[in-house]
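**Q** The structure under discussion is supplied below as C-alpha cells; questions concerning it will follow.
Laboratory data are not the source of any read-out in this text; all were calculated from the coordinates shown. These figures come from a predicted structure and were not determined experimentally. As a convention, Cβ positions derive from the backbone with ideal geometry for all residues, glycine included, and neighbour counts pool all protein chains shown.
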Amino acid sequence: MTRQAWVNGVYVAAEEARISPFDRGFLFADGVYEVTAVYNGQMVDMERHLDRLERSLRELKFGTMPNRKELEEVHRRLVADNGVTEGYVYLQVTRGAYGQRDFVAPDKPKLTCFAYAESRALIDTPHARNGSRVISVPDIRWSRRDIKSVGLLAQALAKTEAKARGADDAWLVAPDGFVTEGASSNAWIVTKDGEIITRALSNMILAGITRHALFDSLGQQGHKITERSFTLEEAKTATEAFTTAATGLVTPVTEIDGVKLGSGKPGPTTRGVQKLYYTAIGADVSKAAPWVNE
Ligand code: PMP
C-alpha cells in the first residue's frame with residue numbers, strides 16, 4: 001500500500017508530498033513537531049500531544065494556530081487509511097514559505113502542516129525486551145528544550161555517535177555534570193532502595209507525554225516518583241535506569257558508557273513500569289509482552 005501523507009490540508013501519496021525550499025522549517029528550523037503513539041489502532045494521549053504542540057507554537061509566537069479539530073481528524077484518518085494498528089503519527093508545523101530568506105518572522109504566518117502515519121512495533125522490540133546500552137555526550141542544545149522544535153541536529157549527532165560507538169542511544173549531560181534527558185526521550189534512574197527518579201520539568205528538558213502518563217499511572221498505584229536532577233556518576237551507580245518516549249514507550253537502560261547497571265539486565269522496577277504503561281495504553285501484557293513477567 002502506498003503510504004499517504006497530509007500536506008496543507010491535502011492527502012497525497014508520501015512520495016508526491018512537496019514543500020518549498022524557502023520553507024522557514026527548512027531554512028531556520030522554524031517549526032515544531034509531535035510524534036504520537038498508536039496502539040490497537042487508537043491514538044495514545046493525542047490531546048496531550050496537541051496541547052504541547054499548541055504550547056510550543058505559542059512559545060515561538062507563531063500567532064496563527066492550526067485548526068485543532070482538523071488535526072485530530074487527520075490523525076485518525078491517517079491511522080485508519082494506512083492500516084496502522086501499532087506505530088505512530090508524525091506531525092510537523094512550520095512558519096511557512098515566503099519565496100525569500102528573511103530572518104524576521106511574519107506576523108501572520110501561512111503555516112506549513114505535514115503529517116504521516118507509520119506502522120512500527122512499539123511494545124515487542126529488542127530494546128524493550130533486552131534493554132539498551134547508552135553513551136553519554138555533552139548536551140550542546142539551545143536553552144529552550146521545553147519547546148519541541150524541529151532543530152534536532154544535536155540529537156541527530158548524539159545518536160549517530162552512539163551508533164558509531166556500538167551503543168544504542170545517547171544520554172545528554174549538561175556542563176554541570178547533571179543528565180538532562182535522552183537524545184529523544186526522558187531519562188529515569190532507580191536506586192537500590194527502589195526509588196524512581198527523573199529530572200524536574202524546566203526549560204532544560206522536554207515535558208514528555210509518556211513521562212506525564214507514568215506520573216498518573218504510578219501515582220494511582222501509590223508509587224512515589226522523586227523529581228530531581230541526577231549526575232552522570234549517580235546514574236552509573238543506579239541499579240536500574242530506563243527512558244520514556246512515545247516511540248520507545250518504556251525502554252530499559254542496562255549500560256551507560258560501558259558500565260553495567262545492577263545485574264546488567266532489565267530490573268524488576270523497570271519491568272513493573274513497563275507492565276503498568278503497556279496496560280495503561282490497552283495492551284494485554286500476557287500476550288503483547290509476556291517477557292515483562294520473566
Ligand atoms: N525528550 C526529548 C528530547 C524527546 O525528543 C522526546 C521524544 N520526542 C522526549 C523527551 C519524550 O517525549 P514524549 O514522551 O512526549 O515522546
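**Q** Among 241, 117, 164, which one shows the highest mean-square fluctuation when the chain is modelled as a Gaussian network with alpha-carbon springs under 10 Å?
**A** Greatest mean-square fluctuation among the candidates belongs to 164.
**Q** Taking a virtual spin label 7 Å from the Cα of residue 203 along the C-beta vector, which residues in the stretch 114-141 bring their backbone nitrogen under 15 Å of it?
**A** The answer is 141, whose backbone nitrogens lie closer than 15 Å to the label point.
**Q** Now for a different question. Work through the residues other than residue 157 whose Cβ is under 12 Å from its Cβ and net out their charges, Lys, Arg +1 and Asp, Glu -1.
**A** Neighbourhood net charge equals +1.
**Q** Oh, and also: Taking the Cα centre of each part, how many Å lie between the stretch 179-232 and the stretch 151-171?
**A** Here the answer is 21 Å between Cα centres.
**Q** In addition: Efficiency by 1/(1 + (r/R0)^6): what FRET value for residue 130 and residue 191, r their Cβ-Cβ distance, R0 = 25 Å, to the nearest 0.05?
**A** Approximately 0.65, to the nearest 0.05.
**Q** Also, I was wondering about something else. What list do you get for 35, 137 if you sort them by fewest beta carbons within 10 Å?
**A** Ascending number of Cβ neighbours within 10 Å: 35, 137.
**Q** Which percentage, to the nearest 5, of the DSSP beta bridges contained in the chain is antiparallel?
**A** 80 percent
**Q** Could you please state, rounded to a whole Å, how far the C-alpha centre of the stretch 260-294 is from the C-alpha centre of the stretch 12-36?
**A** 36 Å
**Q** Given the C-alpha centroids of the stretch 126-141 and the stretch 74-107, what is the distance between them in whole angstrom?
**A** With the stretch 126-141 and the stretch 74-107 each reduced to a Cα centre, they are spaced 27 Å.
**Q** Could you calculate the contour length gain from residue 121 to residue 15, that is, 0.36 nm times the residue separation minus the distance between their Cα atoms, to one decimal place in nm?
**A** 35.9 nm
**Q** Comparing 152, 249, 232, which has the greatest mean-square fluctuation in the GNM of the chain with Cα pairs linked when under 10 Å apart?
**A** Most flexible of the set in this elastic network: 152.
**Q** Further, regarding this structure: For the stretch 126-288, report the convex hull volume of the alpha-carbon atoms normalised per residue, in Å³, without decimals.
**A** 109 Å³
**Q** Output the direction-averaged projected area (hull surface divided by four) of the convex hull of the alpha-carbon atoms of the chain, in nm².
**A** So the Cα hull casts an average projection of 15.6 nm².
**Q** Still on this structure: Filter 69/108; 69/110; 148/192; 224/260; 148/260 down to the pairs with a C-alpha to C-alpha distance above 27 Å, please.
**A** Violating the 27 Å limit, Cα to Cα: 148/192; 148/260.
**Q** Right, here's the next one. When the chain is modelled as a GNM with alpha-carbon springs shorter than 10 Å, which of 156, 246, 128 fluctuates the most?
**A** Result for the chain, Cα springs under 10 Å: 156 fluctuates most.
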